């Protein structure tokens, strides 16, 4: 029923839009959040993704489709998103991965969000070039503008350094907050490559709340949006 205190058309429009959003969520037409039971499953470190129910799998698909659609709206190339396997992904859980399609497949440059890595929402944004004389390295070394822009990024919140690589697995030697970023120190060189990895793992105590609200969805969209400038301006 309509609230009695709705006095003008503007308030009425907002109210109706809110009710319509709730209806779509209830009908599983759009999904920007999960139920309390689903949130418990997502925050379970031992979640068996191969045995999730078909309705939950469908909800996960809608969730990631909505994420991809939002990112396409703000300029991401739809062709750059990987196809998500909701039963078993390469990373062990549903993962949204974006690799700019215009870049060579051998360049380790991508933005990755894992919905539930050991029960926590996790970001791993990798900007690694195969040669130290790469365009990325030339564009950002001794570039105060880049350093200042990166310090303004809110997600991910950490930069990883001293990284060793073995079959796409990384051992984080050190990582620190982005507000302490220093170009000469943090453009790590290893195995003949150059670059850096932005990393974040959201608070496990907040995970259940994040899964049950729109907040995590909004954080993911904002994180990809904030880091898009590296791809657009420096690669």
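FYI, it's all coordinate maths here, none of it is from the lab. Note that the structure is a prediction, hence the values are computed from the model and not measured. We place every Cβ from the backbone using ideal geometry, glycine too, and count neighbours over all the protein chains shown.
Using only the alpha carbons of the stretch 34-234, what is the convex hull's orientation-averaged projected area in square nanometres? Present the calculation step by step, with values, prior to reporting the outcome.
Values: hull surface 43.8 nm².
Averaging across all directions leaves 10.9 nm² for the Cα convex hull.
Between residue 183 and residue 130, the simple label model (points 7 Å from Cα in the Cβ direction) yields a spacing of 2.6 nm.
Here the peptides 201-207, 218-224, 107-113 are ranked by packing, the mean other Cβ count within 10 Å, and the order with the highest first is 107-113, 218-224, 201-207.
If you take the beta carbon distance between residue 154 and residue 54 as r and set R0 to 45 Å, what does 1/(1 + (r/R0)^6) give as a FRET efficiency, to the nearest 0.05? The computed FRET efficiency comes out at 0.80.
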